[in-house]
Amino acid sequence: LLVAAIALRAQAPTDAEIQAILTDRIDKLHQNVGIAVGIVDANGRRFVSYGNFSVKDPRPVGNDTVFEIGSTTKVFTSTILADMVQRGEVSLDDPVAKYLPADVKMPQRGGKQITLVDLATHTSGLPTLPSNMALKDPNNPYADYTVASLFQFLSSYELTRDIGSKFEYSNMGAGLLGQALARRAGTDYEALIRARITGPLKMENTRIALSPEMKSRLAPGHNFARQPAANWDFPTLAGAGALRSDARDMLTFIAAHLGYVESPLAPAMAAMTKVRRPAFGPQSDIALAWLVATREGREIFWHNGGTGGYRSFMGYDPKSRVGVVVLSNMMTGAGVDDIGMHLLDSSVPLAKLPALRTEITLDPKIFDRYTGVYQFTPAITLTFTREGARMFTQLTNQPKFEIFAESEKEFFLKVVDAQISFETGEDGRATAAILHQLGRDQKAKR
């Protein structure tokens, strides 16, 4: 046992090695602005940070820098669920409808109702987002969505698959779970989180509404191009992604899951890992919100998160009793998941990322070669327009976004990790546009 413990410690990356990873990610690849890392194991806690509040703000990020944590919030929501089960306040198999107003007609299928555990495991059959989100402000997409709109959608939605039959990640489902639990407790979501989790664990820097002092420590978010990004608000779907926190608090939360911190939540946290349903594929399950990756007989419990200007990761290995938190103030396609997984298991490679794309200036008349409508399917088109010296693209039923040139035929978006290239004829005019996103190349003909 002593030899095994020494071997585990020997494999753990040193602070200098972590610093080198962060420096490469920020200074060389320009794939982040500031990153804060926390690690907890049997030897205690340590923090490594690198980078700044923003490109123009030289303040260094640290373990007390506040970030949006996005979907990592879902683990807090399911921790509340597990705690309420332990207290006998709810049951995992309770229908969600039990905790909603009587006039809300929850969708059913095959005589089966959606339960609390269905929401916590993303197997409810509900879509990722409700179709009646107006997206009045694409830079803060959840801000205007109301509880009335959520209940209206639920009352009219028809499930397309059997409840519990398939994993389908749903922000709406997690947000609805937060709503249901708060209604059961007779309070609002943030008050419930503070009463049941952040209060007992003394996590005073994990909140939705920030104090003036916390606002001074909030690192501004950045989009894919390292440009400032707006903060996101989740008034209705708070349980899906509303929390803000720092590395110290997040590591306390992980330490509690590993048993390094004594708390009344211990039974609930232990129970969370016992619920299992299939997730993304082989060797991948979901517990109560925790995603479970199995590698060579070892299980890693993890979750990530992202908003318009931030990415987060937290995870732990119950066998080695190591926990990791990684927070960043830039939204990138790769995020910081690879860093977190690598710190938990050194055999997991770091992602091979390209350097940040460089914008060039083109004669705006060149844009005229590409303006027009391009068709993926009869129902889905990609439209390009020019407004003076600027070029825009718009996918069917989505907002219009500006695109930026990196060569005469290649463009990229800054709001999402997506690129567009054009195929042209002999006259130089485009005949097709190719959308490059999420590892896929999809061609649309003009």
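The values are calculated or read from the model by the stated rules, or taken from the named source; none is laboratory data. Predicted model, so just to flag it, every value in this text is computed and none were measured. With ideal geometry, Cβ positions are generated from the backbone for all residues, glycine too; neighbour counts draw on all protein chains shown. Ligands, DNA and RNA are stripped out before the accessible areas are found, and what is left, the full protein with its side chains, is counted by its heavy atoms. Shrake-Rupley method; radii C 1.70, N 1.55, O 1.52, S 1.80 Å.
Figures for the structure shown
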item: Long-range neighbours under 6 Å by Cβ, at least six apart or interchain, first residue under 17 Å from residue 383 (Cα atoms) within segment 427-445, second of a type in the set (Ser, Thr, Tyr) and open to solvent by less than 100 Å² (accessible area, probe 1.4 Å); result: 430/370; 430/424; 433/374; 434/421; 444/374
item: Qualifying strands (runs of 3 or more DSSP E) (wholly inside segment 326-439; at least 1 residues being under 23 Å from the mean Cα position of the chain (by Cα)); result: 390-395, 400-405, 410-413, 418-424, 430-437
item: Strands (runs of 3 or more DSSP E) (entirely within segment 223-311) containing at least 2 residues that are under 14 Å from the mean Cα position of the chain (by Cα); result: 298-306
item: Test result for residue 171, closer than 28 Å to residue 25 by Cβ, at pLDDT 95 or above and out of contact with any Asp or Glu (no Cβ under 9 Å at 6 or more places or on another chain); result: yes
item: Residues located in segment 53-73, provided they are open to solvent by 30 Å² or more (accessible area, probe 1.4 Å), in contact (Cβ under 8 Å) with a residue 40 or more places away in the chain and of a type outside the set (A, V, I, L, M, F, W, C); result: 57, 63, 64
item: Qualifying position, being open to solvent by less than 20 Å² (accessible area, probe 1.4 Å) and either more than 30 Å from residue 54 (Cβ to Cβ) or free of Cβ contacts under 8 Å to residues at least 40 places away in the same chain (or both), among 309, 372, 335, 305; result: 335
item: Helices (runs of 4 or more DSSP H) contained entirely in segment 98-211, each with at least 2 residues that are touching a Pro at 6+ places or on another chain (Cβ under 9 Å) and buried (at least 18 other Cβ atoms within 10 Å of the Cβ); result: 147-156, 171-185
item: Close pairs from segment 268-291: first closer than 12 Å to residue 318 by Cβ, partner of a type in the set (Val, Ile, Thr) and part of a loop (DSSP other than H, G, I, E, B), Cβ under 9 Å, at least 6 apart; result: 287/121; 287/273; 287/275; 290/273
item: Any hit, segment 74-94, residues being in contact (Cβ under 8 Å) with a residue 24 or more places away in the chain, buried (at least 17 other Cβ atoms within 10 Å of the Cβ) and on the phi > 0 side of the Ramachandran plot; result: no
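Conditions tested, residue by residue: (1) open to solvent by 70 Å² or more (accessible area, probe 1.4 Å); (2) more than 30 Å from residue 271 (Cβ to Cβ); (3) without any contact (Cβ under 8 Å) to a residue 24 or more places away in the chain; (4) in contact with a Leu (Cβ under 6 Å, 6 or more places away or on another chain).
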residue	(1), (2), (3), (4)
298	no, no, no, no
321	yes, no, no, yes
368	no, yes, yes, no
392	no, yes, yes, no
